[in-house]
Amino acid sequence: MNTRRLDGLVAATYTPLDDVGTVDSTIVGSMVEHLLGRGINGLYVCGSTGEGMSLTSHERKIIAEAYVKATAGRVPVIVQVGHNSLAEARQLATHAQEIGADMISATCPSYFKVGTVAGLVDCMTEVASGAPDLPFYYYHIPALTGSALDVVEFLRQAGDRIPNLSGLKYTDTKLYEFQECLELDDGRFDIVWGCDEMLLGALATGTRAAIGSTYNIAAPLYQQIIMAFNDRNLDDARRLQSLSVKMIRTLNHLPFHPAMKAVLSMQGVNVGRCRLPQGGLSRSDVSKLQAELNAIGFFEWSNASAYEAE
Ligand code: MN9
């Protein structure tokens with residue numbers, strides 16, 4: 001198994017859909033070039049952002065394959081395989097390994113809640129065993145799965161049971177818990193931050209990598225945050241993070257992922273609308289979003305050329 005760790009900004013990628021809502025893998029190539037051209041260091045496919053839970057398993061496989069192929073080994077590709085059916089999740093894991101993905105990740109089942117850490121370890125053991133050669137990241141996102149279990153305890157128990165356990169995608173806001181995970185067993189696990197609006201806090205806590213949706217549309221802004229933090233220029237780092245908070249607040253005036261997909265289209269990558277239950281934006285909402293983003297200067301500071309003069 002490769003023991004590679006994630007580093008820098010990993011984009012939680014979108015799943016392109018055409019006008020009638022069919023998965024359109026022909027757009028994946030331009031999506032990958034858009035992201036790699038902006039310095040993205042990894043791709044997380046079919047997660048919350050990629051609407052993995054709204055796709056059929058067949059569609060998930062098509063999208064995973066398209067991203068692995070278009071990326072061609074330039075950055076790691078992590079395929080999210082979580083499913084309410086653990087057997088289906090395990091098959092998706094096996095598929096990810098077969099197509100040459102670099103890593104897998106999975107949410108826990110969420111219709112019937114996972115009630116204990118031991119139960120969570122059992123579930124993730126089953127999924128991870130489908131791809132024994134790939135590093136496995138448990139995707140902790142309690143706001144969506146409804147399972148707010150103790151992840152430090154999960155790592156302790158799962159570390160002995162899941163041979164390919166690599167770490168976590170930590171999508172919560174508890175920096176103290178994130179820190180405990182990072183420090184467990186002298187940094188044995190790769191713990192990756194998942195809340196874009198708190199990247200600076202996570203950097204201060206010691207993160208080396210972050211997976212998120214808004215890195216798709218504003219990677220240069222976040223790279224500037226990382227650079228300012230590394231230079232210990234905290235005034236700049238806070239000013240830039242505050243732009244990200246403002247951007248996310250603006251996006252949240254509308255359904256978030258449909259709004260994000262609309263912004264990607266404004267930036268020249270037409271990824272279409274979201275599947276139901278999220279759906280798409282009306283034309284008037286798209287115009288309103290564009291005007292609001294314009295008003296906060298988003299189209300300047302989300303662009304790499306905004307920083308070239310500095
Ligand atoms: O997992 C994303 N979470 C969801 C990552 O999509 C639920 C985040 O990147 C958020 O979209 C982002 C904005 O709130 O932090």
Scanning for something among the acidic types (Asp, Glu), open to solvent by 50 Å² or more (accessible area, probe 1.4 Å), under 27 Å from SER302 (Cβ atoms) and at pLDDT 95 or above, does segment 72-91 turn up at least one residue?
-> no
How many residues of segment 204-225 are in a loop (DSSP other than H, G, I, E, B) and within 13 Å of the ligand (Cβ to nearest atom)? The answer is 2
What single numbered condition from (1) more than 13 Å from the ligand (Cβ to nearest atom); (2) open to solvent by 10 Å² or more (accessible area, probe 1.4 Å); (3) without any contact (Cβ under 8 Å) to a residue 40 or more places away in the chain; (4) not in a loop (DSSP other than H, G, I, E, B) fails to hold for GLY201?
-> (1)
Would you tally the residues in segment 1-34 being under 17 Å from GLU65 (Cα atoms) and not in a loop (DSSP other than H, G, I, E, B)?
-> 13
Can you spot a residue in segment 63-82 that is more than 29 Å from TYR222 (Cβ to Cβ) and not in a loop (DSSP other than H, G, I, E, B)?
-> no
So which of GLN278, GLN241 is open to solvent by less than 30 Å² (accessible area, probe 1.4 Å), under 20 Å from the mean Cα position of the chain (by Cα) and among the polar types (S, T, N, Q)?
-> GLN241
Residue by residue through segment 112-144, note down the ones that are within 16 Å of the ligand (Cβ to nearest atom) and in a loop (DSSP other than H, G, I, E, B).
-> ILE141
Conditions: (1) without any contact (Cβ under 8 Å) to a residue 12 or more places away in the chain; (2) more than 16 Å from the ligand (Cβ to nearest atom); (3) assigned to a helix (DSSP H, G or I). LEU184 meets all but one. Number of the miss?
-> (1)
For segment 110-117, does any single residue satisfy the condition of being surrounded by 21 or more Cβ atoms within 10 Å (Cβ to Cβ) and at pLDDT 95 or above?
-> no
List every residue pair whose Cβ atoms lie under 7 Å apart, where the two residues are 6 or more positions apart in sequence or sit on different chains, the first residue falls within segment 86-108 and is among the β-branched types (Val, Ile, Thr), and the second residue, located anywhere, is open to solvent by 40 Å² or more (accessible area, probe 1.4 Å).
-> ILE99/GLU65
Inside segment 12-43, can you point out the residues that are under 12 Å from ARG74 (Cα atoms) and acidic (Asp, Glu)?
-> GLU33
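The values are calculated or read from the model by the stated rules, or taken from the named source; none is laboratory data. Predicted, not measured: the structure shown is a model, and the values here were computed from it. Quick reminder, even Gly has a Cβ in these numbers, built from the backbone with ideal geometry, and neighbours come from all protein chains shown. Heavy atoms of the whole protein, side chains included, go into the accessibility calculation; ligands, DNA and RNA do not. Shrake-Rupley method; radii C 1.70, N 1.55, O 1.52, S 1.80 Å.
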